[in-house]
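Student: Here it is, the structure, as structure tokens.
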Amino acid sequence: MQVHAQAMLAWLVRRLDAAEVLDAAARRALLALPVQARLVGARSRLADGDEPSGGHLIVSGIAYRYEILPDGARRILALYFPGDLCFSRLPAPTGSPGIVEALGDGMVADLPARMLQPLIHAHPAIERALWWLTAVELAIVRRWLVVAGRLGEPRMAHLICEILVRSGAVGGGRTDRLPSRVRQGLLADITALSTVHVSRVLQGLKTSGLIGLEKGSIVVRDYAGLAILADFDPAYLGLPGSTVEDGCEPAAGTNVPVVVPLCRAEAGDGSG
């Protein structure tokens, strides 16, 4: 677990480098953080004890942020994949934006405020990099809002492309299949569509030869075609090496790009 946590921390630092504000000292300070992974069960909240604020580095599995609407419906506001940093509690008058839970069993490494605040005080560039990461998360939410105005199949194609790219960003597994926990109910709660509508849209994508459905899992048959339908450009994700043009080769037998696991050279295999 410790090796995986350090690998995810290395990946996070590489991602924060995209903000172009970190110097060598700030990178070393981040990589020296004493991260310890802990197991979290499915539907468990990531907040640990009474810690008022701080972050959670996803080591394995998927987490999501959600709110419950007055009619009892669940609306998912964000997804977090291995290597992502999320904050479940914020020291703000309005409290935290939603609740963060693990979608299935997984591991997280906590970065409590008492650990981050001295680091930010010593290296102000780290605070700027974290704000950049927050801006990336907001860009993803903004993209979801824009895509919500599109027709069902292009809208779903965009979400599938995003999940595929983000879940494979650290080279943790197959890149032609969405994580097994990503099912129709989750897609419905992200898109605010009924599960019946989601099922109909997925069947349409299957009929077009863009995806396959295997025991509830979504398999991408034609990533290039799916991306064209969705008008998908992963630049808003803030991920290094997330396109074929960046030098990634397609996986054997598929048109899906494999995203280079950039953390591997610094911290060993980041697979989780």
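Student: Just to be sure, is GLY104 surrounded by fewer than 19 Cβ atoms within 10 Å (Cβ to Cβ) and not in a helix (DSSP H, G or I)?
Tutor: Yes; evaluated as a whole, the condition is true for this residue.
Student: Can you name every one of the helices (runs of 4 or more DSSP H) wholly within segment 124-201 that holds 3 or more residues which are surrounded by fewer than 17 Cβ atoms within 10 Å (Cβ to Cβ) and not aliphatic (A, V, I, L, M)?
Tutor: 124-147
Student: Name every residue in segment 17-38 that is farther than 16 Å from LEU57 by Cα and assigned to a loop (DSSP other than H, G, I, E, B), in order of residue number.
Tutor: GLU20, VAL21, LEU22, ASP23
Student: Within segment 2-38, how many residues are closer than 24 Å to GLY104 by Cα and modelled with pLDDT of 95 or more?
Tutor: Count: 0.
Student: Mind listing just one residue for me: the one in segment 9-68 that is within 16 Å of LEU79 (Cα to Cα) and touching a helix residue (DSSP H, G or I) at 6+ places or on another chain (Cβ under 6 Å) and, of those, surrounded by the most Cβ atoms within 10 Å (Cβ to Cβ)?
Tutor: VAL59
Student: Residues to consider are GLY238, GLY247; find the one that is within 16 Å of ILE140 (Cβ to Cβ) and at pLDDT below 95.
Tutor: Within the list GLY238, GLY247, the selection yields GLY238.
Student: Being over 14 Å from the mean Cα position of the chain (by Cα), closer than 30 Å to VAL13 by Cβ and among the polar types (S, T, N, Q) narrows it down to one of SER208, SER180, SER167, so name that one.
Tutor: SER180
The values are calculated or read from the model by the stated rules, or taken from the named source; none is laboratory data. Not measured: the values here are computed from a predicted model. In this analysis, Cβ positions are derived from the backbone assuming ideal geometry, glycine residues included, and neighbour counts consider all displayed protein chains.
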